[in-house]
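Quick notes on the structure that follows.
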Amino acid sequence: MEDPIHQYREATIAHLVRRSTQEDQADLHHLLFRIAELDERKAFSLFFKLYHAKMLLLANIFVPSPQIAEDVVSEVLVKLLRHRKKTFRKKNFLGFLYTCIKNQSLDYIRKNKKHRHLNLTKDNIDFLVQHKSNPCSDLAGKEFEEIIFNCIESLPPRRKLVYKLVKDDGLSYKQVASLMDISSRTVEVQLRLAMRHIKITVDDYLACRG
């Protein structure tokens with residue numbers, strides 16, 4: 001029979017990940033509504049602040065320079081805003097947004113007759129890691145949160161990107177596989193390894209505390 005403490009720890013990790021994702025999705029949904037229906041400039045400014053770095057990172061995986069990545073992201077945002085009542089109300093907006101950026105990047109490559117390449121490096125992956133401010137009061141609050149944050153930061157670049165796209169942005173394995181040009185099976189494996197690493201770190205942390 002499995003140890004109840006072990007079961008509790010696994011349930012705690014799953015709960016924290018699920019709660020964080022649900023809260024983020026609710027906030028994003030409200031923000032997109034304000035952009036699409038109320039045409040709020042402040043709402044778009046906040047959206048831009050929250051997601052611009054990640055959009056640039058994704059574009060820079062495909063295009064040869066940060067300047068071109070800026071152009072790609074700008075073109076995508078202009079197109080989305082032009083039809084905001086439709087585009088910003090997409091059910092899976094982030095998946096749609098990232099797909100638009102990838103397609104726009106590849107379109108640039110095709111038009112400029114350059115070979116497609118991947119700039120998946122540690123430096124640009126680091127931009128994807130955003131520190132969560134949600135309190136985890138049940139497990140030593142900020143201290144526990146910092147342990148999780150540092151654990152995710154220590155993941156290998158590709159594994160970290162997979163984890164963030166699936167757990168933070170709620171993308172499906174298929175969507176992540178398409179964005180990163182890997183198989184869905186690879187996404188599954190990388191996510192499982194990431195969660196195993198987090199679980200080991202949490203187990204060690206709780207063991208030291210008690």
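General remarks:
- Conditions (1) without any contact (Cβ under 8 Å) to a residue 40 or more places away in the chain; (2) under 13 Å from Leu179 (Cβ atoms); (3) surrounded by 19 or more Cβ atoms within 10 Å (Cβ to Cβ); number of the one not met by Ile101: (1)
- Members of segment 142-156 found to be surrounded by fewer than 16 Cβ atoms within 10 Å (Cβ to Cβ) and in a loop (DSSP other than H, G, I, E, B), listed by number: Ser154, Pro156
- In segment 171-210, residue nearest to Gly95 (Cα to Cα) [restricted to those that are acidic (Asp, Glu) and without any contact (Cβ under 8 Å) to a residue 60 or more places away in the chain]: Glu188
- Residues in segment 39-74 that are charged (D, E, K, R) and crowded, with 17+ Cβ neighbours inside 10 Å: Lys54 only.
- For Ala43, the conditions (1) small (Gly, Ala, Ser); (2) within 18 Å of Asp169 (Cα to Cα); (3) at pLDDT 75 or above all hold with the exception of (2).
- Any helices (runs of 4 or more DSSP H) falling wholly within segment 62-124 and containing at least 2 residues that are modelled with pLDDT under 90: 93-111
- When segment 157-192 is filtered for residues that are modelled with pLDDT under 85, surrounded by fewer than 19 Cβ atoms within 10 Å (Cβ to Cβ) and either β-branched (Val, Ile, Thr) or part of a helix (DSSP H, G or I) (or both), the ones remaining, listed by number, are Pro157, Arg158.
- Residue list for segment 27-61, restricted to those being in contact (Cβ under 8 Å) with a residue 60 or more places away in the chain and either hydrophobic (A, V, I, L, M, F, W, C) or not in a helix (DSSP H, G or I) (or both): Leu28, Leu32, Ala53, Leu56, Leu57, Leu58, Ile61
- Pairs, first within 26 Å of Asn92 (Cα to Cα) and free of Cβ contacts under 8 Å to residues at least 40 places away in the same chain in segment 146-170, second of a type in the set (Gly, Ala, Ser) and crowded, with 21+ Cβ neighbours inside 10 Å, C-beta under 6 Å, six or more apart: Arg159/Ala194; Tyr163/Ala194
The values are calculated or read from the model by the stated rules, or taken from the named source; none is laboratory data. The shown structure was predicted, so the numbers you read here are calculated from the model rather than taken from an experiment. Backbone-built Cβ (ideal geometry, glycine too); neighbour counts: all protein chains shown.
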